[in-house]
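Following: one structure in structure tokens, then a few remarks.
Any read-out appearing in this document is the output of simple, stated calculations on the displayed coordinates, not a laboratory observation. Because the structure is a prediction, the values reported are computed rather than measured. Counting neighbours? That spans all protein chains shown, and the Cβs are built from the backbone with ideal geometry, glycine included.
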Amino acid sequence: MPLPETIALRFTEEDAGYVTVRPVVKQTFRLAELADMVVSVTGKNAPRVQQIFRAGTVAYNGYRYWWEGFSSSENELASLLALFPDDDPARLFNPAQVSAVSLEIGDGTQRLLVAIGRHEASAKKLFRKRSPWEILLATIEDSTPRYEKYSHADRADVYRMHLSSETAASILRKIVDSSPRALRKKLSGLPPPASILFLMPRANSVAPGSPP
């Protein structure tokens, strides 16, 4: 049986991993939209995508989705996943193309990512010479971040820069001191990050479909 062209889904909000009593919404997705959502969770991991298609459920962006599970062959999955970008370690890092960064704090089960967008970090605080964004990009002056992977969740290539504890504390302090009120509130009280992840979207990377 070929893969379905459309899939009837139900979804509702999740709270800390538990389904809430909020209303269940029904919606029809195209196969490409469902695949895009699943790949954002799993990456181009064919066995995991196949398992989720068959199980008929996935958690994505704070929502739990259900559908009638269906089987898929290796060839069908290969053709479907070919629509999505692959890692590109040859892509050179370009600060001008960075759209966001994530401060990586801790590791393992304690790992926390704090996202900072270019727009929210570009405003300068009164009487400050540099914006938080300029301070973040200044961290790469002495060391170029190394390529890590393509993130399907972020639709961007990810470059990592490891930080010493001393450097991390200094950078975080400078960013907080230069931040407008909203960003300062977001960052205040955070421990120093172990790494900074720089996100570079691809100009020609268009997902085959995305959930409404």
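Ordering VAL25, GLN50, ILE135 by Cα displacement along the dipole of the chain toward the positive end leaves ILE135 in first place; charges were set at the Cβ atoms of Lys, Arg (+1) and Asp, Glu (-1). A Stokes-Einstein calculation at 4 °C with viscosity 1.567 mPa s, built on the Kirkwood radius of the range 1-125 over Cα pairs, returns a diffusion coefficient of 75 µm²/s. Full extension of the chain segment joining SER143 with SER164 gains 6.3 nm, where the gain is 0.36 nm per residue of separation less the Cα-Cα distance. When the Cα atoms of the chain are aligned to their principal axes, the ranges along those axes come out at 63, 44, 29 Å in descending order. For the range 15-124, trypsin sites (Lys or Arg not before Pro) are listed when DSSP marks them as loop and at most 14 other Cβ atoms sit within 10 Å of their Cβ; the list is ARG91, ARG111. Exposed loop sites were defined as GluC sites (Glu not before Pro) in DSSP loop states (anything but H, G, I, E or B) carrying at most 16 other C-beta atoms within 10 Å; in the chain the longest segment without such a site runs 69-140.
A full extension of the chain between ASN94 and ALA153 corresponds to an added length of 19.2 nm, given 0.36 nm per residue minus the alpha carbon distance.
Pairs of Lys residues in the range 117-190, spaced 8 or more positions apart or belonging to different chains, with C-alpha separations under 28 angstrom: 12 in total. Within the range 103-160, the chymotrypsin sites (Phe, Trp or Tyr not before Pro) that combine a DSSP coil assignment with at most 11 other C-beta atoms in a 10 angstrom radius are PHE127. Axis angle, to the nearest 10 degrees, between helix 165-178 and the longest C-alpha principal axis of the chain: 90 degrees.
The charge dipole of the chain, taken about the Cα centre with unit charges on the Cβ atoms of Lys, Arg (+1) and Asp, Glu (-1), comes to about 1000 debye, rounded to the nearest 20.
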